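Below: the structure, in structure tokens.
The values are calculated or read from the model by the stated rules, or taken from the named source; none is laboratory data. These numbers were taken from a predicted model, which means no experiment stands behind them. Reconstructed Cβ throughout: ideal geometry from the backbone, glycine too, with neighbour counts over all protein chains shown.
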Amino acid sequence: MGVYKTLEDVSYQIQQIITDTPASISNVTEWCKKDGCWLKVKAFDMDLSKAFLAELIGIDERDAVEKDAKKVQKVDDGITCQKMVLEIGPEKWKEISKFGVLNKHLNEKDMGILQVAVSIPSMMPTESRCKYLMKLLIRLKEEGFQLN
């Protein structure tokens, strides 16, 4: 029996249990909140196939998969950020720098990192500097800079 078929069968059986309310309770949703309902559900025993059980993963494996996915996403985010910085190009970074200096929105760190951006391709900003540049761009847009 396939995974989906097993889930359908188990779901059907659980539905039968929770809709079989005692005579004193007519509202199924109220019955589902009662300990008696949950005791009946816990007592439900259905033989699950080895194939179905093999499809299930443990908590440790799930956590490892999630951790790996977060690592991959972090790398992807870094690459996307670097790509955006490169696509903006050195001429636009010069405009951004000029706007920031003229309007006194830049500190020394900002100016140093912008100096790398205006030197693309002879100098390439690191991933962390690219992230900083994109945050700086957002900040300067909030101060009125318009990126065309």
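A few points about this structure:
- Members of the range 99-144 found to be over 25 Å from I79 (Cβ atoms) and of a type in the set (F, W, Y), listed by number: F99
- Residues being part of a helix (DSSP H, G or I), touching a residue at least 12 places away in the same chain (Cβ under 8 Å) and out of contact with any Ser or Thr (no Cβ under 7 Å at 6 or more places or on another chain) - total across the range 11-40: 8
- Looking at W38, W31, just one residue is hydrophobic (A, V, I, L, M, F, W, C), in contact with a helix residue (DSSP H, G or I) (Cβ under 7 Å, 6 or more places away or on another chain) and either surrounded by 11 or more Cβ atoms within 10 Å (Cβ to Cβ) or modelled with pLDDT of 95 or more (or both), and that residue is W31.
- Which numbered condition F52 fails, given (1) over 30 Å from S11 (Cα atoms); (2) out of contact with any Pro (no Cβ under 7 Å at 6 or more places or on another chain); (3) surrounded by 12 or more Cβ atoms within 10 Å (Cβ to Cβ): (1)
- Qualifying residue in the range 88-107 (condition: polar (S, T, N, Q), buried (at least 18 other Cβ atoms within 10 Å of the Cβ), in a helix (DSSP H, G or I) and touching a residue at least 40 places away in the same chain (Cβ under 8 Å)): no
- Comparison of M111, M84, M46 shows that the only residue that is touching a residue at least 24 places away in the same chain (Cβ under 8 Å) and in a helix (DSSP H, G or I) is M84.
- Filter result (over 15 Å from the mean Cα position of the chain (by Cα) and either of a type in the set (A, V, I, L, M, F, W, C) or surrounded by 11 or more Cβ atoms within 10 Å (Cβ to Cβ) (or both)) within the range 56-79: L56, I57, I59, R62, A64, I79
- Lone unmet requirement of (1) assigned to a helix (DSSP H, G or I); (2) under 30 Å from Q146 (Cβ atoms) for A51: (2)
- Condition met for E8 (out of contact with any Phe, Trp or Tyr (no Cβ under 7 Å at 6 or more places or on another chain) and either of a type in the set (S, T, N, Q) or loosely packed, with under 12 Cβ neighbours inside 10 Å (or both)): no
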